[in-house]
Amino acid sequence: MKGEILALISAILWGIAPVIDRYALSNGAPIYTALTVRAVGALLAMIFIVFALRTSFSIRLDLTILLLIAGAIGGAIAMIFYYMALDVLGASRTVPITAIYPMFTALFSILLLSEPLTPKMVVGIAFIILGVVIVSEV
């Protein structure tokens, strides 16, 4: 049950962040400012993890490079497109459309990590696509 509560807290926080982002963007905050603030937030979170949780911070260079690439793709580059969509569509349409990412995660995991494709995943992906079509008014 603890994992489910943590996931629910994450979902609630991810649910409010786009509303705040949209408000800031619609009131003139530039996208680069939003990205800078997110980067500072990530740095503060890292400091919190290391010091408050007393977690060691050692990692191999090759893994660090992979995580930096993932951070650039999923963080900076994706966030630029996300903020642009948020500014054009608003939070209530952008977020459900970007919620298609689990489908891409599943597909890339199958292709790159040789993870299995289960019937439940196929049904879930179909529902994701249907939801995006409904929300995007295609």
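The values are calculated or read from the model by the stated rules, or taken from the named source; none is laboratory data. Remember, it's a predicted structure, so these values are computed and weren't measured experimentally. With ideal geometry, Cβ positions are generated from the backbone for all residues, glycine too; neighbour counts draw on all protein chains shown.
Looking only at residues of the stretch 1-54 that are of a type in the set (Ser, Thr, Tyr) and either exposed (fewer than 11 other Cβ atoms within 10 Å of the Cβ) or in a loop (DSSP other than H, G, I, E, B) (or both), we find that the one that is nearest to the chain's Cα centre (by Cα) is SER10.
Return yes or no: is VAL95 in a helix (DSSP H, G or I), surrounded by 11 or more Cβ atoms within 10 Å (Cβ to Cβ) and touching a residue at least 12 places away in the same chain (Cβ under 8 Å)? So VAL95 passes the test. Consider the stretch 83-92 and keep the residues that are in contact (Cβ under 8 Å) with a residue 24 or more places away in the chain and in a helix (DSSP H, G or I). The one that is nearest to LEU13 (Cα to Cα) is ALA91.
Among the conditions (1) within 25 Å of THR105 (Cα to Cα); (2) outside any loop (DSSP other than H, G, I, E, B), the only one that ILE59 does not satisfy is (2).
Across the stretch 14-41, the number of residues qualifying as hydrophobic (A, V, I, L, M, F, W, C), modelled with pLDDT under 80 and farther than 14 Å from TYR82 by Cβ comes to 0.
Go through the stretch 103-137 residue by residue and tally those that are under 30 Å from PRO30 (Cβ atoms) and exposed (fewer than 15 other Cβ atoms within 10 Å of the Cβ). First the steps, then the outcome.
Within the stretch 103-137, the first condition is being under 30 Å from PRO30 (Cβ atoms), and the residues that meet it are 104-105, 132, 135-137.
Remaining after also requiring exposed (fewer than 15 other Cβ atoms within 10 Å of the Cβ): 104-105, 136-137.
So the answer is 4.
Remark: pairs (first residue in the stretch 116-138, closer than 16 Å to PRO96 by Cβ; second residue loosely packed, with under 10 Cβ neighbours inside 10 Å; Cβ separation under 9 Å; 6+ apart in sequence or on different chains) = VAL132/VAL138.
Go through (1) surrounded by 11 or more Cβ atoms within 10 Å (Cβ to Cβ); (2) modelled with pLDDT of 85 or more one by one and return the number of the condition VAL88 breaks. So VAL88 meets the others, but not (1).
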